[in-house]
Structure formats: C-alpha cells, structure tokens
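Heads up, the thing below is written out as structure tokens.
The values are calculated or read from the model by the stated rules, or taken from the named source; none is laboratory data. Since this is a predicted model, take the numbers as computed values, not measurements. Here the Cβ positions follow ideal geometry from the backbone for every residue, glycine too, while neighbour counts run over all protein chains shown. What goes into the accessible areas is simple: the full protein's heavy atoms, side chains included, and nothing from ligands, DNA or RNA. Shrake-Rupley method; radii C 1.70, N 1.55, O 1.52, S 1.80 Å.
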Amino acid sequence: MNLKELTQSVGELEEEKVLEMLNNFVASNPSEEEAGKAVAACQEGMAEVGDLFEKGEYFVGDLIFAGELLTEAINVLKPVIGSGDTTKVGTIVLGTVHGDLHDIGKNIFKSMAEAAGFEVHDIGIDQPVQAFIDIVKEVKPNIVGMSGVLTLALEAMKDTVDGLKEAGLRDSVKVIIGGNPVTKEACLHIGADSFTTNAAEGVKISQGWVK
Amino acid sequence: MVENAQSKNQLFIDIDEGKIPKRVPVYTWMDITYIMQYAGVDLRKAQWDVDKFKDMIEIGAKSFQSDINPATFTRIQPVYNILGAQNFVMSSEGQIQHPEITGMGPEDYDEMIADPYKYTHDKILPRLYKNLDTTPEEKAKVFAKAFKAHSDIFGQIFAHHDLMNEKYGLANDRVGCQTVAPFDQVADQFRSFTGISSDIRRCPDKVVAACEAVTPMMLKAGVKPHSSRQKRTFIPLHMAPYMREKDFEKFYWPTFKALIEGLWENGAAPLLFVEQDWTRYLDYLNELPAGTQMMFEYGDPKVIKEKVGKKHIVTGLYPLTLLARGTKQECIDKAKEIVDILAPGGNYIFTFDKVAINIKDANPENIIAVNEFVKEYGVY
C-alpha cells in the first residue's frame, strides 16, 4: 500500500478510497509493524485535515466527518494492529463544564487527540467541578481540557480551575479551554494555561506540553 | 424630545420603509431567563412558574432602556415537560439548551422525502418528544395537552406584553413567529450536526431532496395572519459557517433563498440571526429581497455595512461579552465605534451581537448605560 497516497486520501476525506485501500491492505495479511505504519499514515492525514482547517479550507463539519472517517479506518485496521501497547503520548481529561450541554467541539477535539495518540478520558457534558476533581485524582492526567459554547461556560471554567486549585491538583496538570466564547482575556480570567477555538490547534498545544 | 410608544414605533416603521428615523432605534433582546436572574429568582423554579411570567415581562419593560421590551420567551419548560422533550433540555443550572440529538437515521431519507409531514408526525416527533412515543390515543392526548398549555401561556404573555408596552411607552414586539432554514431543520432536528456532516458526503442527493421536501413546512411556519414588516419572522441561522462554500452553495443556499423569497411573497418579513461569522457569504445575503433584517454575530462591521447595509437592515455586531466584564466607559466607547460605522445612511437598529440568556452574559448596568448612550448619541 502506498502510505503517502493513504495520508493524502485521509487528508482529502475520500472515504471510499481510504476504506478500499485499507480493506485491501488488511486482506494482504500485513505484519504488525506494517499495520503500525498504516495507522501513522492515517494520523498524518488527520494532521493535514487540521492544517486545512487552520487555512480556512475546511470547516467544523469537515472536522466532524474526518473524525468519523478516522474511527472507521482504525476499526478496519484493528484486527492487524495487534494487542501490543500502542505508544501513548499522554493523558487528557476532557469535559463540558457545568451549566452547558454542548459537546460537538469537545467530541472533535477528542477524536483528533486520540488520533494523535493521547489517552482521553471524556467525562461528558454539564459536569460539576467535583467530577473534574475526582477524575483528575483517579487518572492523574497531563492535561485537563474544558469545553463550552455558552458565555456562561466561562464562569463555570473558572469555578473548575479554582476547584482544582483548592484540591491541590492545579499544578500537576496543564489546563486548556475550548469553545465559541473563549478568548485570551477569558483564558487569563479563568486561570487556564491555554485556549483555542480550533481543535487541531488544541491538539498541537497539547503535544507541546507532553514532549 | 419626549418619546412615547408612538414615536418609538415610528423609529422602526421608518427603518422598515427605508427612511432615516429620528434616531437609531435601540432593541435589546433577552431571553426571559436573563430577566429572571436579574429579578433574583432561581431559573430552575421560575421557568415553571407561569403565574409569575407577567412580573418578568414588567421587569423587562421597565429596566433596560430598550425601545422594545427585551423579555422574550422561546423555550417554555411546562410545555417541554408535557411532551417529554429530548431536543430541549434544562441544564443543572436551569438554562434550557439544545443537545445533539438524532430524530432520523440516514436510512430513512426516502421515507421522509416522500411525505415530510407524515414522517415528522409519525417518526420524528416521538423520537424528539418521548411522551409522544405511545399509542395513537395517548399521543393525541399528550399533543392536545401540550398545545393547550402552549396557547394558554403565550396568550397570557402576548396580552401582557401589549399592556406593558402601553404602560411604559415602548414600541411593539418585532417578532411575530419563527421558522428555520430548511437545511438547519434537516440538520438540527432530524439528522444532527454530526449526522448531516457525513450525509453531505455519503448521500448528497438525498440531502438536497430532503431540504427541498421540508421547505413548504418551513414556509408555512413562517407566515402568520399578523405577519408584516413590523411583526417579523425570526430565523436563527445555524449550519452555514461550519460548511465549505461549495457545500453551502449546493446544500444550504438554494432552499434558504427560496424560503426567504417565499416569506416576502406571502407578506412576511424575515429577521435573521446570522450566527457566527458569515463574512464568506455576504454576497449571497445581498441577493435576498431588500429590507430583510439581519442580526450579525461576528464579522467586520465596515465590510458588512458596505456589502449588505445598503439593501438590508443591519443589526448586531456589538460584543455582548464586553458588557460582562468591561467598564462602563469601555462599553460606551465600543457603542460609539459601532454606531459611527453602522448608523450613517439609516438601515440600522442597535442590538448586541447575540441574545443575553444568562445574567453572567452581561452586566445589566452596562446594558443600561450603553442603551442610554446610543439613544442620545444616535440622533440623525
């Protein structure tokens, strides 16, 4: 299989072509090493999707579809990837803060972060401060990601960061916030380490933290 | 100048007739939940307490220096409760929101397209409203109960609005009913954001046909006996900024344009909430029939005024978030900046870039200061 072509087809969101290539590949009985390379090629394609989003050629709907495509691709590859531990680059706790029920952006970030090799613990929507504290204590992540769409989510994000501080957990994690209302000013007010309205950029920031 | 309801109404009538009004009209729009919190009542209780809705309407009328009463009811909890709504759900803190839901699987496109009314009634509504997922007899009962509650509650709301407008000398409510762009209907209520994003790639022809199939329903919802330029049809736009232009052109625009033209042809005047950033689509918006009111959330006010402000009524673009944490002076300076760009030549109503829904969205004192400023500064 031509890995460059695979990367390109993922980047161009050519679903039929990607699945056809991968099905043929799996039928050829590849080694685990070869399968690992195919996964990496898909991940590179996903990074291209992120770049195209940043350039304004792709939009949120395209990112959502990219997430779906990647999930499908990994499912096809699963039987040949093997059971060995895949390399985990870091752990992220992710949730939509209390008062807010929106999760589309969070889910896009999740699929892109997983594609980049992060272990993601998604605690869901409308999550109280205590839920973030509990999961941080349990899984000891590198990064906490908070999401929200409504303006009121900004105050809830601040509550959550304050809660992490009071629980003595704030210094053990990096905090990134994402969603429609986040800005540099909001980031300072909340006490997060970084902010983004672009899931691909959020993954890049996260990668920078676990290097 | 002493202002009363009549002179305030005249400001809007002038705008609607393409004349320059005496001053920039000020139209602050709040969800009733903002006013409930301003009044110091708990949202989780107050949204059930229909008897107190009148008090909230009065507080809206007298408190914020808007020419139109900001108090707006869109999501009525008792009605959603009767229906068992899955598509509008109250959060832990009481704000009712629209979660990502799916009312229709991708395999059902053909059935929906063949008879959208029947499919909506038989299949989609019971999925979106779990208390309708029952026997036909029970379903009819739940439906009747919900509609009775809906008309009783809105009957009170509208009557009290009129009373308060008279008492406090405000202009009439500007929204008469609501509809949705056909593509947004198929996305938000039928297939979900996630579902539609795949469908436009996997079964593009069916998505086009689905949008065409629901257009007559959307048109019907948007035309009422009292529809006019002063009683507009509100359309909150959703999906377009999240699509590529070539997808927008194929899937979103044709039926949306047909809807807007259909509304005008039937005597209804649209009021669009242009959510997110539509900079890429300003030339399309300029193709719509003249006098369409557009409330913009983001974008460069100069570019928007230049591209659509000659033909259409432009509003919005004042950042609500500034009102949350800015000083009074910062807020007023911003208002001056926006009014200086958008007011010249008329075709402009001062509004914020989005509806305030939660007290954390905006400091009420800043709202009042800005509105008072615009009324004085925005004299033509």
> If the cut-off is a Cα-Cα distance under 22 Å, which lysines reach B:Lys45, setting aside same-chain residues fewer than 8 apart in sequence?
Replying inline: B:Lys54, B:Lys145, B:Lys148, B:Lys360
>> What distance in nm lies between label points placed 7 Å from Cα along the C-beta direction at B:Glu365 and B:Ala159?
In response: 3.9 nm
> Shape call for chain B from the C-alpha gyration tensor, a ≥ b ≥ c root eigenvalues: rounded (a/c under 1.5), prolate (a/b greater than b/c) or oblate?
Replying inline: oblate
> Summing +1 for each Lys or Arg and -1 for each Asp or Glu, what net charge is found among the other residues whose Cβ lies under 12 Å from the Cβ of B:Arg280?
Replying inline: -3
>> Considering only protein heavy atoms and a probe of 1.4 Å, how much of the accessible area of the range B:252-303 is carbon and sulfur, as a whole percent?
In response: 50 percent
> What average number of partner chain Cβ atoms lie no more than 10 Å from the Cβ of the residues making up A:148-156?
Replying inline: 5
> Which value in nm describes the separation of the simple spin-label points at B:Thr134 and A:Glu12, placed 7 Å from the Cα toward the beta carbon?
Replying inline: 5.4 nm
> DSSP beta bridges in chain B, what fraction antiparallel, as a percent rounded to 5?
Replying inline: 15 percent
> What whole-number value in Å² describes the accessible area per residue of the range A:3-81 for a 1.4 Å probe?
Replying inline: 49 Å²
>> To the nearest 20 Debye, how big is the dipole of the range A:3-81 about its Cα centre, given +1 on the beta carbon of each Lys and Arg and -1 on that of each Asp and Glu?
In response: 220 debye
> Considering amide H positions built from the backbone, and no H for Pro or chain starts, which residues 5 or more places from B:Tyr129, or on another chain, come under 5 Å of its amide H?
Replying inline: B:Gln86
>> Output the 0 to 90 degree angle, nearest 10, between the alpha-carbon long axis of helix B:364-377 and the longest principal axis computed from the alpha carbons of chain B.
In response: 60 degrees
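What is the packing order of peptides B:188-195, A:52-59, taking the mean over residues of other C-beta atoms within 10 Å and listing the highest first?
Most protected by this proxy first, the peptides run B:188-195, A:52-59.
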>> Using 0.36 nm times the number of residues separating B:Ser7 and B:Asp55, minus their current alpha carbon distance, what extension gain do you get?
In response: 14.7 nm
> Rounded to the nearest 20 Debye, what is the dipole magnitude of chain A about its Cα centre when Lys and Arg each give +1 and Asp and Glu each give -1 at the C-beta?
Replying inline: 680 debye
> Using the Karplus equation 6.51 cos²θ - 1.76 cosθ + 1.60 (θ = phi - 60°), what ³J(HN,Hα) coupling, rounded to whole Hz, does each residue of the range A:174-191 give in order, writing x for Gly and Pro?
Replying inline: 8, 10, 10, 10, x, x, 3, x, 6, 9, 4, 4, 4, 4, 5, 4, 6, x
>> Once you place label points 7 Å from the Cα toward the Cβ at B:Glu337 and B:Lys22, how far apart are they in nm?
In response: 3.1 nm
>> Can you work out the Karplus-derived ³J(HN,Hα) for every residue in the range B:106-119? Use 6.51 cos²θ - 1.76 cosθ + 1.60 with θ = phi - 60°, whole Hz, and x for glycine or proline.
In response: x, 6, 9, 3, 4, 5, 5, 5, 5, 7, x, 4, 5, 5
> What's the center-to-center distance, using Cα atoms, between the range A:1-55 and the range A:78-141 in Å?
Replying inline: 23 Å
> If you take the charge dipole of the range A:90-210 about its Cα centre, with +1 on Lys and Arg Cβ and -1 on Asp and Glu Cβ, which of A:Ala131, A:Ser194, A:Met157 is farthest toward its positive end?
Replying inline: A:Ser194
>> Along the charge dipole of the protein assembly as shown, pointing to its positive end and built from +1/-1 on Cβ of Lys, Arg, Asp and Glu, which listed residue (A:Phe65, A:Leu19, B:Ile59) has its Cα farthest out?
In response: B:Ile59
>> Using a 1.4 Å probe on the protein heavy atoms, what percent of the accessible area of the range B:90-172 belongs to carbon and sulfur?
In response: 59 percent
> How high is the FRET efficiency between B:Glu249 and B:Ala209 when r is their beta carbon distance and R₀ equals 22 Å, given to the nearest 0.05?
Replying inline: 0.85
> Among the lysines, which fall within straight-line cross-link reach of B:Lys250, defined as a Cα-Cα distance under 16 Å, with same-chain neighbours fewer than 8 residues apart omitted?
Replying inline: B:Lys206
> Tell me, what ³J(HN,Hα) does each residue in the range B:143-156 have, in order and in whole Hz, if you take phi through Karplus 6.51 cos²θ - 1.76 cosθ + 1.60 with θ = phi - 60° and put x for Gly and Pro?
Replying inline: 4, 4, 4, 5, 5, 4, 4, 4, 6, 4, 5, 5, x, 5
>> Sorting check: for A:90-103, B:286-299, which peptide has the highest mean count of neighbouring beta carbons within 10 Å, and how do the rest follow?
In response: A:90-103, B:286-299
>> Nearest 5 percent is fine: what portion of the DSSP beta bridges confined to the protein assembly as shown is antiparallel?
In response: 10 percent
> Using the beta-carbon distance between B:Arg202 and A:Lys88 and R0 = 25 Å, what value does 1/(1 + (r/R0)^6) give for FRET efficiency, to the nearest 0.05?
Replying inline: 0.20
> On average, how much accessible surface per residue is there in the range B:1-127, in Å², for a 1.4 Å probe, leaving out ligands, DNA and RNA?
Replying inline: 42 Å²
> Counting partner chain Cβ atoms within 10 Å of every residue's Cβ in A:55-67, what's the average?
Replying inline: 5
>> With +1 assigned to the C-beta of every Lys and Arg and -1 to the C-beta of every Asp and Glu, and no other charges, what is the dipole magnitude of the range B:79-142 about the Cα centre in debye, to the nearest 20?
In response: 280 debye
>> Could you tell me the center-to-center distance, by alpha carbons, between the range B:6-47 and the range B:229-306 in angstrom?
In response: 21 Å
> Can you list, bin by bin at 5 Å, the percent of alpha carbon pairs in the range A:1-125, starting at 0?
Replying inline: 2, 11, 20, 21, 19, 14, 8, 3, 1, 0, 0
>> If I take R0 = 41 Å and measure r between the Cβ atoms of B:Asp122 and B:Glu287 in this structure, what FRET efficiency does the formula 1/(1 + (r/R0)^6) give, to the nearest 0.05?
In response: 0.65
> In peptide B:95-101, how many Cβ atoms from other protein chains are near each Cβ within 10 Å, on average?
Replying inline: 4
>> Projecting each Cα onto the charge dipole of the protein assembly as shown (Lys/Arg +1, Asp/Glu -1 at the beta carbon, about the Cα centre), which of A:Val49, A:Ala38, B:Val26 comes out farthest on the positive side?
In response: B:Val26
>> Using amide H atoms built in the peptide plane, which far-off residues or other-chain residues are under 5 Å from B:Phe296 H to H?
In response: B:Val274, B:Thr315, B:Gly316, B:Leu317
>> With a cut-off of 8 Å between alpha carbons and a minimum separation of six or more residues, what is the relative contact order of the range A:67-181 in percent?
In response: 30 percent
> Quick one: which bits of the range B:191-208 get at least 40 Å² less accessible when the partner protein chains are in, versus the chain alone, with a 1.4 Å probe?
Replying inline: B:Phe193, B:Thr194, B:Ser197, B:Arg201, B:Arg202
> How much length is gained if the chain between B:Glu376 and B:Ala221 is pulled fully straight, taking 0.36 nm per residue apart and subtracting their Cα-Cα distance, in nm to one decimal?
Replying inline: 52.0 nm
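Pairs to check: B:Lys257/B:Lys375; A:Lys106/B:Lys307; A:Lys106/B:Lys246; B:Lys310/B:Lys354. Give those whose C-alpha atoms are more than 32 Å from each other in this structure.
Distance filter (> 32 Å) returns B:Lys257/B:Lys375; A:Lys106/B:Lys307.
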>> For B:Gly176, what residues show an amide H to amide H distance below 5 Å, using hydrogens built from the backbone and excluding near sequence neighbours?
In response: B:Arg232, B:Thr233, B:Phe234
> Can you give the accessible area per residue of the range A:90-210, in Å², using a 1.4 Å probe?
Replying inline: 36 Å²
> Computed on protein heavy atoms with a 1.4 Å probe, what is the summed buried accessible area for the chain pair B and A, in Å² to the nearest 100?
Replying inline: 2500 Å²
> If you rank B:Asp152, A:Asp171, A:Asp126, B:Asp133 by how much accessible surface each has, with a 1.4 Å probe, what is the order from largest down?
Replying inline: A:Asp171, B:Asp133, B:Asp152, A:Asp126
> What ranking of B:Trp29, A:Trp209, B:Trp48 comes out by heavy-atom accessible area, probe 1.4 Å, highest first?
Replying inline: B:Trp48, A:Trp209, B:Trp29
